[in-house]
Amino acid sequence: MTTTGLVHDYLLVLRGAERSFAAMADRFEDAPLYTLLYDEAGTQGRFTGRTITTSYLQRLNIRQDGFRKLLPFFPGAAERLPVSGCDVVLSSSSAFAHGVRIRPGAIHVCYCYTPLRYAWFEQERALAEVAPVLRPVLRATLARCRSWDRRVSQHVTRYVAISELSRERIAKYLERDAEVVHPPVEIDRFTAGQPEDFFLIVCELVRHKRVAVALEAARRAGVRAVVVGTGPDRERLCALYGDVARFEGRLGDTELAALYARALAVVVPNVEEFGITAVEAQAAGRPVLAADAGGARETVVSGETGVLFPPGGVDAVAEAMREVDWTRFDADRCRTHAERFSIGAFQDGIVGQLRGAGAIVADVPA
C-alpha cells in the first residue's frame, strides 16, 4: 500500500493556504500531516483528530505573531521533518515545506503558492521592516534562504502552481516548470445578502498586502471601510486610518461570511498570486475591486464580477469607489463565477498532478 504524507509550512492560522491544505487533507483523510509549527486554536480546530508531526521548533510555543523570528531555523527544521517513511509526499508551500527530504524512489509533488517572497522579490520590504542594526544579518539570512531554495527545489518531482503569476515566479526563481491548479474556495460557506455602504478588506496586515492603498483611497473618496485581519502592520494602519476604517481583527467563518455579504464591494489592493479573498467575495454575491495583475486576472471578470485598477494607483481606486455603481453587479453572476473554484475541482486537479508524477492514488466515492 502506498503511504502518502502531507506537508505544510506552518499551521498557525486558517487563511487561504491553510484552507487549501485542509482540502488536501480531506481528500487524503488517513494521511499523516507534517508542519513546522502547529496551533490548534489558531487553526480553529480544523485539523483536530489528525496525526500531526511538528518540527523541533514547536517546543518554543511560538504563535502567528512571532514565527518570523525563527526564519534562520526554518530551512533546517524542514529538512528534519520525518517524511522518509512516505512513498508519496504532497507539500503545500510558500516558504519551506518544499524542502523536506524524501527517501530515494519516493515522489514529491509541491503545490506552490509562491517562492519565499521576502527572499526573492520582497527583500527590500523585508529589510525595511527591521531595525537598521539588524539589516545586515537579515540580508545574509535571506541570501542563505535563496541558495537553499534553489538547492532543495531540484529534488522535487513536480511543482504545481496556484496561478499563472505563481508559475512564472517558480520558473524565474526556482528554474522549474509547473502546471496550474487553482486553489479551492469553500463556496458553501457563503450566501448573498443586502449590500450596505462599506468597502471590505480581508487579509493579513503586513506591508506587502498594501492595505494603505485601499484605506487612503477610501479617505479620498469619502467612503467607509472595514478591515478584517491582524498582523505586524495593524498598529501603524490604525494610527493612520482609524478615522476611515473599522478594524475588526480576526473573525470566525460565520462572522466573516456575513460581512462579505453586506459589503458594497471587497477590495484587493495587492497583486496576489491567486487571491482567495476575491473568490470568497464573489461566492457571497459581491463584486471585487482588485489590482489588475496576478491572480485577479484569473478570478475576476472585469465589468461583470468586479473592477480592476492599475496596481498601486490610489487615485484610480478612489475614483472607482466613488463613481462605480456597486449595486448594479448581479449576485448570481458573481456566485456562478466563483463556483469554478470549488473544493472538488481543486481535489481532482491535485490528484491528476500526483498521477502525472507517477503516484498511485486511489479513487474515492463521489
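Residues to consider are Ala338, Ala362; find the one that is among the small types (Gly, Ala, Ser) and assigned to a helix (DSSP H, G or I). Spell out how you get there, then give the answer.
On the way: Ala362 fails: assigned to a helix (DSSP H, G or I).
None of the other options fit; the residue is Ala338.
So which residues in region 346-366 are surrounded by 15 or more Cβ atoms within 10 Å (Cβ to Cβ) and among the aliphatic types (A, V, I, L, M)? Quick ask: steps written out before the conclusion?
From region 346-366, those surrounded by 15 or more Cβ atoms within 10 Å (Cβ to Cβ) are 346-347, 349-351, 353-354, 357, 359, 361; that's our starting set.
Listed by number, the residues that qualify are Ile350, Val351, Leu354, Ala357, Ala359, Val361.
Quick check: is even one residue across region 60-69 out of contact with any Ser or Thr (no Cβ under 8 Å at 6 or more places or on another chain), modelled with pLDDT of 95 or more and either under 25 Å from Tyr118 (Cα atoms) or of a type in the set (Asp, Glu) (or both)?
no
Across region 131-190, what is the total count of residues that are assigned to a strand (DSSP E or B) and either of a type in the set (A, V, I, L, M) or under 14 Å from Ser94 (Cα atoms) (or both)?
Start the filter on region 131-190 by keeping residues that are assigned to a strand (DSSP E or B), which leaves 158-161, 178-180.
Add one more test, that the residue is either of a type in the set (A, V, I, L, M) or under 14 Å from Ser94 (Cα atoms) (or both), and what stays is 159-161, 178, 180.
Of the residues in that region, 5 qualify.
Considering only residues that are closer than 17 Å to Thr277 by Cβ and among the aliphatic types (A, V, I, L, M), look in region 139-188 and name the one that is surrounded by the fewest Cβ atoms within 10 Å (Cβ to Cβ).
Of everything passing the filter in region 139-188, Ile187 is surrounded by the fewest Cβ atoms within 10 Å (Cβ to Cβ).
Please go through region 282-304 and pick out each residue that is over 23 Å from Arg167 (Cβ atoms), part of a loop (DSSP other than H, G, I, E, B) and touching a residue at least 24 places away in the same chain (Cβ under 8 Å).
Our first condition is that a residue be over 23 Å from Arg167 (Cβ atoms); within region 282-304, this holds for 283-287, 289, 303-304.
Filter again for part of a loop (DSSP other than H, G, I, E, B), leaving 284-287, 303-304.
Answer for region 282-304, where residues must be over 23 Å from Arg167 (Cβ atoms), part of a loop (DSSP other than H, G, I, E, B) and touching a residue at least 24 places away in the same chain (Cβ under 8 Å): Ala284, Gly285, Arg286, Pro287, Glu304.
Please work out which residue is surrounded by the most Cβ atoms within 10 Å (Cβ to Cβ), limiting yourself to region 189-207 and to residues that are of a type outside the set (A, V, I, L, M) and over 19 Å from the mean Cα position of the chain (by Cα). Quick ask: steps written out before the conclusion?
Taking region 189-207 first, the residues of a type outside the set (A, V, I, L, M) are 189-191, 193-199, 203-204, 207.
Going one step further and asking which of them are over 19 Å from the mean Cα position of the chain (by Cα), we end up with 191, 193-199.
Details: Thr191: 14, Gly193: 17, Gln194: 9, Pro195: 19, Glu196: 13, Asp197: 10, Phe198: 18, Phe199: 25.
Taking the candidates together, the pick is Phe199.
Has region 220-234 got any residue that is of a type outside the set (A, V, I, L, M), assigned to a helix (DSSP H, G or I) and closer than 13 Å to Val202 by Cβ? Give the steps one after another, and end with the answer.
Just the residues of region 220-234 that are of a type outside the set (A, V, I, L, M), to begin with: 220, 222, 224, 229-234.
Among the residues that remain, those that are also assigned to a helix (DSSP H, G or I) are: 220, 234.
Within this subset, residues satisfying the condition of being closer than 13 Å to Val202 by Cβ are none.
No - not one qualifying residue is present in region 220-234.
Restricting attention to region 315-325, which residues are hydrophobic (A, V, I, L, M, F, W, C), surrounded by fewer than 20 Cβ atoms within 10 Å (Cβ to Cβ) and assigned to a helix (DSSP H, G or I)? Reasoning before the result, please.
Restricting attention to region 315-325, the residues satisfying the condition of being hydrophobic (A, V, I, L, M, F, W, C) are 316-318, 320-321, 324.
After this cut, where a residue has to be surrounded by fewer than 20 Cβ atoms within 10 Å (Cβ to Cβ) as well, the list is 316, 324.
Answer for region 315-325, where residues must be hydrophobic (A, V, I, L, M, F, W, C), surrounded by fewer than 20 Cβ atoms within 10 Å (Cβ to Cβ) and assigned to a helix (DSSP H, G or I): just Ala316.
In contact with a helix residue (DSSP H, G or I) (Cβ under 6 Å, 6 or more places away or on another chain) and modelled with pLDDT under 95: does that describe Pro269?
Numbers: in contact with a helix residue (DSSP H, G or I) (Cβ under 6 Å, 6 or more places away or on another chain): yes; modelled with pLDDT under 95: yes.
Yes.
Could you check, for region 228-236, whether at least one of its residues is surrounded by 21 or more Cβ atoms within 10 Å (Cβ to Cβ) and on the phi > 0 side of the Ramachandran plot?
Yes, region 228-236 contains a residue that is surrounded by 21 or more Cβ atoms within 10 Å (Cβ to Cβ) and on the phi > 0 side of the Ramachandran plot.
Pick from Gly306, Gly294: which is within 23 Å of Tyr113 (Cβ to Cβ), surrounded by 21 or more Cβ atoms within 10 Å (Cβ to Cβ), within 18 Å of the chain's Cα centre (by Cα) and not assigned by TED's automatic domain parsing to the domain that holds Thr114?
Values: Gly306 fails: within 18 Å of the chain's Cα centre (by Cα).
Among Gly306, Gly294, only Gly294 is within 23 Å of Tyr113 (Cβ to Cβ), surrounded by 21 or more Cβ atoms within 10 Å (Cβ to Cβ), within 18 Å of the chain's Cα centre (by Cα) and not assigned by TED's automatic domain parsing to the domain that holds Thr114.
The values are calculated or read from the model by the stated rules, or taken from the named source; none is laboratory data. Small disclaimer: the values here were computed from a predicted structure and weren't measured. Virtual Cβ from ideal backbone geometry, glycine too; neighbours counted across all protein chains shown.
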